[in-house]
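Working notes, beginning with the structure itself.
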Amino acid sequence: MTFRQFAYRNVIRNSRIYAAFFMASCFSVLVFFIYSMLLFHPNIDESVLGVMSLLGMVVAEIILALFSLFFLYYSMNAFLEARAKEFGVLFHLGMDERQFGRLIFLETMLIGFTSIIVGIAFGFAFTRFFFMIVREILHLDELHMYVAWEPFLLTVGVFTSAFMVIAYASIVTQKERRTIHLLRGHDEHKQRPVTVRRAVLGLSFIICSYIGMFIGVKLENLAFIIIVPLFGIVGTYYLFSDTLPYLLERFRLQKKYYWRSYSVISLSETIQTIRANVKMFFVITLVSTLTFLTIGVLASVSSYTTQYERLNPLGMVYKSTIDNPYEQQHIASLRNQLELDRLSYNLSRFTVIQQTSSYTKYEVEVFRESEINHLLFSLGYPLVTLSQGEAMFIPYSEDAISDLQNYTVRTVLKENSIPLVIDSVYPEFIFPGNFVSSNSIIISDEDFIKIEQPLIGTTFEQSAYRLYTFDVPQWMELEHIGVAIDAMVEQESANSLGYDLPFYFENAGLNYSFVLATYSLFTLIVLLVAAVFLLAAGSFVYFKMYADLERIQKHFDVLRRMGLTDGELHRLVDRHLMPQFFLPWLVALVHSTIVLISFNVLLEHLVNITIVDEVIIGFVVLITIQIFYYYLIRWRYIAHIKSN
């Protein structure tokens with residue numbers, strides 16, 4: 001038998017341990033390859049895919065590559081540790097360090113090349129299905145299957161390099177071996193002592209990170225928000241290495257509870273499991289937290305799409321200066337396009353005049369009561385009734401409705417000496433926030449016709465503008481209306497010298513089509529990355545359980561000889577497995593909840609949306625998947641124990 005054959009048979013003999021590692025590696029390669037196929041597609045360019053979606057896919061590729069590197073390194077070191085007795089025998093039989101390094105390298109590259117080939121094969125098979133989804137999302141006429149060398153070369157290059165780096169790093173970082181230590185195996189009892197100082201430090205770091213997160217959001221300090229999680233990461237490590245073992249050790253002193261039922265066996269095993277697998281619990285917690293936060297980010301985008309109509313109550317809005325030469329042409333064009341597409345609409349026209357408020361000394365935008373009522377009638381909102389000298393605030397956001405509800409202002413429009421009492425706010429959100437200022441009011445027709453003088457220092461054309469609103473019930477079908485006008489606005493908005501067009505246009509249906517396409521593609525990206533994280537976290541637990549299966553089989557075999565029944569065996573297995581499965585997830589769930597609560601507060605303040613419902617649904621789905629995975633592994637685990 002050659003050395004290569006020996007390495008091959010080692011992998012086959014340890015296939016049960018390597019199974020989860022191999023599956024996670026294949027899935028990582030599969031996802032990376034599918035992304036690469038889309039990025040290099042000849043029919044996809046930046047304009048079609050969208051800058052945010054393109055950036056998201058590039059970021060996803062980088063995250064997958066870095067995470068795969070970390071996952072492979074951690075897993076390989078764990079494999080070497082679990083096979084200590086096997087290596088001890090080989091060293092005893094005369095294997096030297098150079099041969100040991102060669103053996104590890106051959107085994108790693110064998111698994112690596114196999115997972116790359118299998119991952120690319122399945123990825124290529126599923127690419128057509130993935131393209132069909134993307135084609136529907138982006139509303140493309142065609143997104144054909146293609147074969148090019150770039151996706152294959154990129155995937156093979158990235159993951160071959162990853163496996164080579166991991167193979168060499170695993171060999172270099174292994175400490176000097178003594179055969180007697182390897183033959184004894186990994187001694188889990190030689191742990192550093194738990195100290196009260198580190199136990200308190202771990203809990204303190206976590207609490208400080210939570211408080212710091214809320215403070216950072218309150219201050220809207222991005223640097224503070226980025227730095228604070230580092231304390232949480234350090235605290236999480238100390239939580240598993242010292243805090244939890246210390247608390248459990250204190251509980252063991254309570255003999256009244258500790259010596260009850262199966263607590264002696266299960267609690268002792270739990271303490272030992274935590275202390276022997278601090279790194280595993282820590283890594284699973286971080287990976288699980290990333291998974292939860294990934295779903296949270298997806299929920300924030302989902303929340304924006306579901307609340308888009310509420311934030312954009314009008315189908316289309318056209319804002320024009322008084323001397324805009326394109327005004328009549330554009331309005332006629334928009335009306336013709338709506339009629340050709342047989343879309344019903346209600347057009348409202350406003351002349352908005354700027355005046356100076358004596359109360360604030362700032363400019364205020366004045367709307368006419370009858371013109372506002374024309375729009376409100378089409379929207380089905382309550383009409384406005386104002387007497388001479390009365391005025392009403394126009395809310396620039398939903399929060400402004402409650403902020404201005406009990407606010408009373410007595411002012412004078414200085415240019416025309418018109419006294420006003422503003423003691424109410426319209427109870428509905430009417431205009432998108434970028435079309436009206438935060439100082440906008442409605443006045444009666446009697447007061448409006450008295451405005452004859454323009455804003456001080458300007459002409460009437462400079463101090464007034466016209467606003468056209470299109471209330472379209474089927475606003476989601478507006479994606480083909482006003483595309484040329486929207487393109488002019490987008491091009492001018494990107495001009496670094498400033499915006500010089502005499503008009504501004506916004507089409508909610510057209511914008512929503514881009515938002516929905518970006519969100520849908522982003523959903524695919526996030527879900528696939530989250531699936532990689534989820535599978536990796538599960539594979540860590542799977543490997544540890546099956547690497548330790550021989551010791552646990554002996555442990556339960558002794559208990560069964562002492563009269564342990566099948567029902568009692570199942571209960572003990574649950575108490576043994578549940579901490580490994582659910583303890584890191586529970587900590588990750590708490591971490592993620594605190595971060596997403598802070599994020600939700602920030603979103604409510606900045607864009608007036610909430611992600612609570614979407615996050616709860618996402619968390620419930622993830623927890624359901626984890627419970628299903630737990631019972632699947634538990635079933636196989638019990639079967640292996642009973643087969644002994």
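The values are calculated or read from the model by the stated rules, or taken from the named source; none is laboratory data. All values derive from a computational prediction rather than experimental measurement. Neighbour counts are summed over all protein chains in view; Cβ atoms, including those assigned to glycine, are modelled from backbone coordinates with ideal geometry.
In this structure, THR270 does not satisfy being within 30 Å of VAL532 (Cα to Cα), at pLDDT 75 or above and in a helix (DSSP H, G or I). Picking from residues in region 416-431 that are among the β-branched types (Val, Ile, Thr) and under 47 Å from the mean Cα position of the chain (by Cα), the one that is nearest to PHE377 (Cα to Cα) is ILE430. Considered as a group, the residues in region 38-60 that are of a type in the set (A, V, I, L, M, F, W, C) and in a loop (DSSP other than H, G, I, E, B) include one that is modelled with the highest pLDDT, and that residue is PHE40. Tell me whether region 468-484 contains one or more residues that are under 17 Å from LEU311 (Cα atoms), touching a helix residue (DSSP H, G or I) at 6+ places or on another chain (Cβ under 6 Å), in contact (Cβ under 8 Å) with a residue 40 or more places away in the chain and part of a helix (DSSP H, G or I). Within region 468-484, one or more residues are under 17 Å from LEU311 (Cα atoms), touching a helix residue (DSSP H, G or I) at 6+ places or on another chain (Cβ under 6 Å), in contact (Cβ under 8 Å) with a residue 40 or more places away in the chain and part of a helix (DSSP H, G or I).
Looking for something surrounded by 16 or more Cβ atoms within 10 Å (Cβ to Cβ) and part of a helix (DSSP H, G or I) - is there at least one such residue anywhere in region 356-366? No, that holds for no residue. All conditions in (1) without any contact (Cβ under 8 Å) to a residue 40 or more places away in the chain; (2) surrounded by 14 or more Cβ atoms within 10 Å (Cβ to Cβ); (3) assigned to a helix (DSSP H, G or I) hold for LEU420, with the sole exception of (3). Would you check if ILE372 is assigned to a strand (DSSP E or B), buried (at least 17 other Cβ atoms within 10 Å of the Cβ), in contact (Cβ under 8 Å) with a residue 12 or more places away in the chain and over 38 Å from the mean Cα position of the chain (by Cα)? When the stated conditions are applied, ILE372 does not pass them. Applying the condition of being surrounded by fewer than 16 Cβ atoms within 10 Å (Cβ to Cβ) and among the hydroxyl-bearing types (Ser, Thr, Tyr) to region 177-211 and asking which residue is modelled with the highest pLDDT yields SER204. Which helices (runs of 4 or more DSSP H) does region 532-644 wholly contain that include 2 or more residues that are surrounded by 15 or more Cβ atoms within 10 Å (Cβ to Cβ) and either in contact with a Ser or Thr (Cβ under 8 Å, 6 or more places away or on another chain) or modelled with pLDDT of 75 or more (or both)? Because the criterion is at least 2 residues that are surrounded by 15 or more Cβ atoms within 10 Å (Cβ to Cβ) and either in contact with a Ser or Thr (Cβ under 8 Å, 6 or more places away or on another chain) or modelled with pLDDT of 75 or more (or both), the helices (runs of 4 or more DSSP H) in region 532-644 that meet it are 566-606, 612-642. Please enumerate the residues belonging to region 212-228 that are within 14 Å of SER592 (Cα to Cα) and surrounded by fewer than 17 Cβ atoms within 10 Å (Cβ to Cβ). Hit for region 212-228 is PHE214, nothing else. Within region 111-122, none of the residues are buried (at least 16 other Cβ atoms within 10 Å of the Cβ), of a type in the set (A, V, I, L, M, F, W, C) and either outside the structural domain of ILE62 (by TED's automatic domain parsing) or over 19 Å from MET23 (Cα atoms) (or both).
For VAL384, the criteria (1) modelled with pLDDT under 90; (2) in a loop (DSSP other than H, G, I, E, B) hold in every case but one, which is (1). Out of curiosity, is GLN474 under 19 Å from VAL366 (Cβ atoms) and assigned by TED's automatic domain parsing to the domain that holds TYR407? Here the answer is no, as GLN474 does not meet what is asked. Within region 391-410, residues that are over 18 Å from PRO432 (Cα atoms) and outside any helix (DSSP H, G or I) have Cβ atoms under 6 Å from residues that are at pLDDT 85 or above and not aliphatic (A, V, I, L, M) in these pairs: THR408/ASP423; VAL409/TYR359, counting only partners at least 6 apart in sequence or on another chain. Is it fair to say TYR308 is in contact with a helix residue (DSSP H, G or I) (Cβ under 9 Å, 6 or more places away or on another chain), at negative phi and assigned by TED's automatic domain parsing to the domain that holds ILE456? Judged against the criteria, TYR308 is not a match.
Exactly one residue out of TYR8, TYR35 is within 21 Å of ILE120 (Cα to Cα) and modelled with pLDDT of 70 or more: that is TYR35.
In region 468-476 there is no residue that is farther than 30 Å from SER402 by Cβ and surrounded by 15 or more Cβ atoms within 10 Å (Cβ to Cβ).
Each row is one residue, and each column tells you yes or no for (1) surrounded by 14 or more Cβ atoms within 10 Å (Cβ to Cβ); (2) in the same structural domain as ARG349 (by TED's automatic domain parsing).
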residue: LEU478; (1), (2): yes, yes
residue: ILE481; (1), (2): yes, yes
residue: VAL489; (1), (2): yes, yes
residue: ASP500; (1), (2): no, yes
residue: PHE503; (1), (2): yes, yes
residue: GLU506; (1), (2): yes, yes
residue: ILE525; (1), (2): yes, no
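Just one of (1) of a type outside the set (S, T, N, Q); (2) out of contact with any Cys (no Cβ under 6 Å at 6 or more places or on another chain); (3) at pLDDT 80 or above fails for ILE137. It is (3). Suppose we filter LEU110, LEU143 for residues that are assigned to a loop (DSSP other than H, G, I, E, B) and either more than 26 Å from the chain's Cα centre (by Cα) or under 30 Å from TYR8 (Cβ atoms) (or both); which single one remains? Being assigned to a loop (DSSP other than H, G, I, E, B) and either more than 26 Å from the chain's Cα centre (by Cα) or under 30 Å from TYR8 (Cβ atoms) (or both) holds for just one of LEU110, LEU143, which is LEU143. Within region 337-350, the set of residues being exposed (fewer than 15 other Cβ atoms within 10 Å of the Cβ) and over 40 Å from the mean Cα position of the chain (by Cα) comprises GLU339, LEU340, ARG349. VAL436 meets all of the listed conditions (1) without any contact (Cβ under 8 Å) to a residue 40 or more places away in the chain; (2) under 18 Å from SER348 (Cα atoms); (3) among the β-branched types (Val, Ile, Thr) but one, namely (1).
If the condition is being in contact (Cβ under 8 Å) with a residue 60 or more places away in the chain and either closer than 15 Å to PRO427 by Cβ or in contact with a His (Cβ under 7 Å, 6 or more places away or on another chain) (or both), then region 376-388 contributes only LEU379. Screening the candidates ILE233, ILE227, ILE284, ILE322 for the property of being at pLDDT 80 or above and assigned by TED's automatic domain parsing to the domain that holds PHE429 yields one hit, ILE322.
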